[in-house]
Structure formats: C-alpha cells, structure tokens
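A.B. asks: The structure's right below; bear with me while I get my questions together.
The values are calculated or read from the model by the stated rules, or taken from the named source; none is laboratory data. Everything numeric in this text was worked out from a predicted model, so none of it was measured. Cβ: placed from backbone, ideal geometry, glycine included. Neighbour counts: every protein chain shown. The protein model used for the area step is the full one, side chains on, heavy atoms only, and it has no ligands, DNA or RNA in it. Shrake-Rupley method; radii C 1.70, N 1.55, O 1.52, S 1.80 Å.
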Amino acid sequence: MSELTKNVQPLQDFNWDEFENGTVANVSKEELDKAYDETLNKVSEHQVVDGKVISVDKKEVVVNIGYKSDGIIPASEFRYNPDLKAGDVVEVYVENAEDKKGQLILSHKKARLSKSWDRVNAALDNEEVVQGFIKCRTKGGMIVDVFGIEAFLPGSQIDVHPIRDYDQFVGKTMEFKIVKINQEFRNVVVSHKALIEAELEAQKKEIIGRLEKGQILEGTVKNITSYGVFVDLGGVDGLIHITDLSWGRVDDPHKVVELDQKINVVILDFDDEKKRIALGLKQLTPHPWEALDADLKVGDHVKGKVVVIADYGAFVEVQPGVEGLIHVSEMSWSQHLRSAQEFLNVGDEVEAVILTLDRDERKMSLGIKQLREDPWEAIEVKYPVGSKHTAKVRNFTNFGVFVELEEGVDGLIHISDLSWTKKVKHPSEFTQVGAEIDVIVLDIDKENRRLSLGHKQLEDNPWDVFEEKYTVGSVHEGKITELLEKGAVVALEDGVEGFATPKHLVKEDGTSAAAGETLPFKVIEFNKDSKRIILSHSRTFEDAQREEKKAAAPKKARVAKKDEAPKIENVAASTSLGDLDVLAELKAKMEKGE
C-alpha cells in the first residue's frame, strides 16, 4: 500500500446490495469518486517525478508513476542506458496528465534535461564517471548524449591508440569523464581516453620496470611515420627509428612493416622518466658485413644499385646493408670538379672497382673510371707534339684558356698563343666557354697531366711577311682604334696593330689626332720578336720639312759673304773624324724620335 492511500479506511456499514443496484445509503457518487481519487497520486503537469519501469521493448518503455494510467516513453530516449529493465526507477517529466485518448504523456529526455546542467557541472567537479550515448560523427570527433546534453568527444580522446575508423563507435554507449565545460556557451567536452590513461600509466610503470636492454618482445605495429614505426608492447609504446628497421637503406617504412602487424623487436634503450623506449628490428638478424664474401678484395669488380646521391659522390648498395662510396673524383678521369648527379642517378645499376675495403670499420670505396683506360697512359701516342685537334673551351683565366680534348685530357692555350696579330687582353674577347676551338699540341707535361696548346700556330707566322712590308721609314694608312694615356692603338692592313706615342700623334696644324681618324703613319720601329710596330704621324710631314730645309742649305751657303767662307772651312777643317761619327749617330737617333 502506498504512502498516499494507507490512511483511507473502508466504510464499516457499506451496503453492497444497494451498491449493486446503483444506490448507496447515505453515500453520494461524488463521495465515492473522491474516495477513489484519494487512492491515486496527485499528478501535476510539467513536473518531474520518479516512475517505475513496467516493461521494455525495442519501441517503447512503459512507466508507472502511481497514476490511474501508465505512461509510454519512446525507447530511443533510453539509448544511453542499454541495460534498462523492468523494475528500474527512472525520472520522468509529465507533459500531459491525460490527452484526448486519456493517455498519460511522459518524457524521460525532458526530465534529464531539467537537471542535466547541474549534473554535468557536479560530474566535472567530482571527477565523476558518466555514461553517454554516441549519437553521430562530426568534424574532428563525435557527438555524445550525456544527461540529455549533446557533448563533444574529440577524436584524440576516444582511445589511447589512434583511431582510423570513427564509424565503429556510432550507436555505442560508453563511459566518459567530463574534462571541460564552457559555461557561457554551455559546451561540454568529454573524454573516454582519460578513464583508461590512469590504468595504462600503472601498466607502463610495471612494463618498463621489467624491461632490459637486448630483451626481445612481441609487439603490434600501431602507427607508421616518415621517421619510424611505433609498436604497442602491451600497454606501452616503443619507437623503431627508420635506421633500425633494416640493415639496408629505407626510404619508406611502409615497405618494411604494415599496420596491426605482429613483429618481434629488440629493446635498444629506454628512459624510465620519459617513458621512451627505443626498439630495433634489424638487430634481430646478423649484420650483412659479417656475411660479406671473405674472398672479396681490392681490385675486384662488384655490381650494385645507387641508393643515395650527394654532390661529393654516390653510395652504391652492393648487397642489403653493405654500401660503398664512389667519390666524384673516381667517376671520371677529368680533373674538373663536378657534381655526382652529372654521372649517376638514384636507382642506377652500376659496376665498379673496389679501391679500398675495411671490414673492421665496415667501409668500402669504389671507382667507375677505373673501368676505362687512363687516357694519360698513352698520351704521347694519341696527342703527340705538333698534332692538330678540336677542343672544347672549359673556362678562362687572365693568362689563357683551359680546354678539354676529351674527358680527362685538359690543356692550356696561353693568351699569347691565341693570335699572331691581335693583342688579346682577356680570352673572353677571343672565344667563349662551351665553344669549340682548333688547337695544336706544343708541349706535353705527363706528370702534371697538362698539355700546352696553341691556336695561332695553326697558321703561318704573318710577321715574316710583315717584316718585309712594314720596314722602317715606310708609310701606311692606319686608323686610330683606341686612345690610351701612353698613346694610341692604330689598326693597319692585314689585321696588324701598331702603336704611336702622344708626340707622334700631333698633326701638321698642331692638334692631336682623335680616335676613329684615319691618317698616314710612318714606321719608325719594327720588332719581329716582340711583335711590335712603332708608328708616327708627325714624322710623315716633319721629315719632309727637314728634307726641304736640307735641300735649301747649300743655296744659302753660295750667297754668303766672301769673308765668311774661310771661317766655315776652318770649322770643318778643325772637326775630327770621330766628331763627325758622333754627330751622324745623334742625327740618326733624332730622326727615329728617340
């Protein structure tokens, strides 16, 4: 008997015959209805009351709140509690005491919502574990029903392991811990991971406490990154660095292991404080250098694949875990410093010669140029002195041009050997890098692996001809191509150049010749060895004037006074033969302009 009906007493003198006939002595129908109503709970609409679950099925839950009729609530409102059964007491919200059909309308969801905000705040303060129903996925996580409030479950807070398939959790009821509440926007963040971290922390301490270096354990591949593989050792994670996956080079860990794969690993190192465990996979197999052919020696040929390229060389994998370095200097007989990428690419299959082999240090150096004959071994045969060839210009210096006749055979053309006639200030005026140029071998320096070459020697020396054409005193037309502080460069015929000092550039009117002018020039000096022609424009009219003066001198002597003649004769008579020779030499020097 309920608390509300225990004080209601039956009438002692109740007449059942009258009741059956529809009448009761001294008792009206209103009084009877009142007595019946007092046996039921007083229900007010829009209030929250406790009710008892009468029955549960897939569609609805029937709840008795002590009213004259039971209430029916959709089963979806109890999704957060899959263990609900008959006899459980639940809170319900009375929406309508009696609808048009006389049905009591209840809501469990609204009852939870009316107190939900207080409950989530209390759960946060008390670090209480709450149940929630995962309704659906959302960006970055899941939506969870907690006390009727839609809370956010971040993807990172679902489990301690990375989750790849969120859909597997939709529709599940799980335990959560409320970790954050935004009071202003009434946002709630929950975590399932937080519940198991404490338990895992205890497991980690226990596992790490039993670890020993060199110990072999079984684990499961949990995550694969570009730098290594994380392995679950049963509650604690360890990392296999990419360099410890295989004795050979690994560019992608996915090529070695797969997600969720069970593998054996060896403990390399661990840190009790930071809970870091370094694992190894390659250490479970012998080092490849130990299995290297014992008969392999310097000078032997080996084959392998290029696995790494650097500017200074290429690493070739002879067998997994055994690599040799081909330095760029061992790729070509050429003396020019170049990049290894010009010769090889990653993935190339190559044959090489072993140059050095150190089994203790596990190092090997290789060479590929040794597969070809050294061109300097028989340099005198292929490039004898006087032979003519076509070379490629490699680079310039102030004193000449470096050329390559073939790979590994270099030579130098000195700037003075570029042209017989043109005065070349810098080789770039004559040719350009990458261009081809004809050369003749002048000298061989086998020890330093260098050839002395010439270009002008391909033609006859025109100075043999110039010696006859540009004799001292001969006059030629020339164009002033360049004015310098010390004089002017004058272009003559045959592509030859001469030089005139400033005093020899003075014209008959007293002005100096300018660049670009074409004038007659007299040769006052010719030096075949130094290929030098000294010119003078002034001499072309000064010498003519001297000749005129010289021709006029005897006439003046004939009209001289008679008493002066003996004096002149006396002077001539008193001059010795040696004096005449000195004067003649002085005159010759003056005529040359010295």
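A.B. asks: Would you mind stating whether Gly400 is under 36 Å from the mean Cα position of the chain (by Cα) and at pLDDT 85 or above?
C.D. replies: Here the answer is no, as Gly400 does not meet what is asked.
A.B. asks: In region 138-154, what count of residues is obtained for those that are open to solvent by 70 Å² or more (accessible area, probe 1.4 Å) and touching a strand residue (DSSP E or B) at 6+ places or on another chain (Cβ under 8 Å)?
C.D. replies: First pass over region 138-154, keeping only residues open to solvent by 70 Å² or more (accessible area, probe 1.4 Å): 139, 150.
Those left that are additionally touching a strand residue (DSSP E or B) at 6+ places or on another chain (Cβ under 8 Å): 150.
Number satisfying all stated conditions: 1.
A.B. asks: Yes or no: region 338-351 includes at least one residue that is in contact with a His (Cβ under 7 Å, 6 or more places away or on another chain) and either within 30 Å of Asn395 (Cα to Cα) or assigned to a helix (DSSP H, G or I) (or both).
C.D. replies: So far as region 338-351 goes, no, none of its residues is in contact with a His (Cβ under 7 Å, 6 or more places away or on another chain) and either within 30 Å of Asn395 (Cα to Cα) or assigned to a helix (DSSP H, G or I) (or both).
A.B. asks: While we're here: Among the strands (runs of 3 or more DSSP E) contained in region 254-334, which hold 3 or more residues that are at pLDDT 85 or above, closer than 30 Å to Gly367 by Cβ and of a type outside the set (A, V, I, L, M)?
C.D. replies: Of the strands (runs of 3 or more DSSP E) lying wholly inside region 254-334, those with at least 3 residues that are at pLDDT 85 or above, closer than 30 Å to Gly367 by Cβ and of a type outside the set (A, V, I, L, M) span 301-310, 313-319, 322-327.
A.B. asks: Please enumerate the residues belonging to region 335-382 that are at pLDDT 90 or above and either within 14 Å of Val409 (Cα to Cα) or of a type in the set (Ser, Thr, Tyr) (or both).
C.D. replies: Matches in region 335-382: Thr356, Ser365.
A.B. asks: Pull up region 492-502, narrow it to residues that are surrounded by fewer than 16 Cβ atoms within 10 Å (Cβ to Cβ) and at pLDDT below 90, then point me to the one that is farthest from Ser419 (Cα to Cα).
C.D. replies: Going through the qualifying residues, I end up with Glu493.
A.B. asks: Another question about this same structure. Tell me which residues, restricted to region 503-524, are over 11 Å from Lys479 (Cα atoms) and open to solvent by less than 40 Å² (accessible area, probe 1.4 Å).
C.D. replies: Those that are over 11 Å from Lys479 (Cα atoms) and open to solvent by less than 40 Å² (accessible area, probe 1.4 Å): His504, Leu505, Lys522, Val523, Ile524.
A.B. asks: Might you check whether a residue that is out of contact with any strand residue (DSSP E or B) (no Cβ under 9 Å at 6 or more places or on another chain), surrounded by fewer than 17 Cβ atoms within 10 Å (Cβ to Cβ) and not hydrophobic (A, V, I, L, M, F, W, C) occurs anywhere in region 387-396?
C.D. replies: no
A.B. asks: If you don't mind, another one. Where residues in region 296-317 are more than 30 Å from the chain's Cα centre (by Cα) and hydrophobic (A, V, I, L, M, F, W, C), which of them is surrounded by the most Cβ atoms within 10 Å (Cβ to Cβ)?
C.D. replies: Filtering first and then ranking leaves Val302.
A.B. asks: A follow-up question, please. May I ask you to verify whether Phe176 is aromatic (Phe, Trp, Tyr) and surrounded by fewer than 16 Cβ atoms within 10 Å (Cβ to Cβ)?
C.D. replies: Criteria not met by Phe176.
A.B. asks: Going by what's in this entry, would Thr138 be described as closer than 30 Å to Ser107 by Cα and of a type in the set (Ser, Thr, Tyr)?
C.D. replies: Yes.
A.B. asks: On to the next question. Pick out, from region 496-541, the strands (runs of 3 or more DSSP E) lying fully within it that include 3 or more residues that are in contact with a helix residue (DSSP H, G or I) (Cβ under 6 Å, 6 or more places away or on another chain), within 23 Å of Pro462 (Cα to Cα) and not aromatic (Phe, Trp, Tyr).
C.D. replies: Once the strands (runs of 3 or more DSSP E) in region 496-541 are filtered for at least 3 residues that are in contact with a helix residue (DSSP H, G or I) (Cβ under 6 Å, 6 or more places away or on another chain), within 23 Å of Pro462 (Cα to Cα) and not aromatic (Phe, Trp, Tyr), what remains is 518-527.
A.B. asks: So in region 435-459, with the set limited to residues that are assigned to a loop (DSSP other than H, G, I, E, B) and modelled with pLDDT of 85 or more, which one is surrounded by the fewest Cβ atoms within 10 Å (Cβ to Cβ)? Can you show your working first?
C.D. replies: Looking only at region 435-459, we keep the residues that are assigned to a loop (DSSP other than H, G, I, E, B), and these are 435, 446-449, 455, 459.
Filter once more, keeping what is modelled with pLDDT of 85 or more: 435, 455.
Numbers: Ala435: 12, His455: 21.
Here the residue is Ala435.
A.B. asks: Under 6 Å by Cβ, and 6 or more places apart or on different chains, what pairs join a residue from region 209-221 that is exposed (fewer than 11 other Cβ atoms within 10 Å of the Cβ) with one that is not in a loop (DSSP other than H, G, I, E, B)?
C.D. replies: Lys213/Ile267
A.B. asks: Take Gln131 and tell me if it is open to solvent by 50 Å² or more (accessible area, probe 1.4 Å), without any contact (Cβ under 8 Å) to a residue 60 or more places away in the chain and either in contact with a Cys (Cβ under 9 Å, 6 or more places away or on another chain) or in a helix (DSSP H, G or I) (or both). First the steps, then the outcome.
C.D. replies: Values: open to solvent by 50 Å² or more (accessible area, probe 1.4 Å): yes; without any contact (Cβ under 8 Å) to a residue 60 or more places away in the chain: yes; either in contact with a Cys (Cβ under 9 Å, 6 or more places away or on another chain) or in a helix (DSSP H, G or I) (or both): no.
Considered against the rule, which asks whether it is open to solvent by 50 Å² or more (accessible area, probe 1.4 Å), without any contact (Cβ under 8 Å) to a residue 60 or more places away in the chain and either in contact with a Cys (Cβ under 9 Å, 6 or more places away or on another chain) or in a helix (DSSP H, G or I) (or both), Gln131 comes out as no.
A.B. asks: For Glu184, work out the one condition from (1) within 37 Å of the chain's Cα centre (by Cα); (2) under 30 Å from Phe147 (Cβ atoms) it doesn't fulfil.
C.D. replies: Going through the list (1) within 37 Å of the chain's Cα centre (by Cα); (2) under 30 Å from Phe147 (Cβ atoms), Glu184 breaks only (1).
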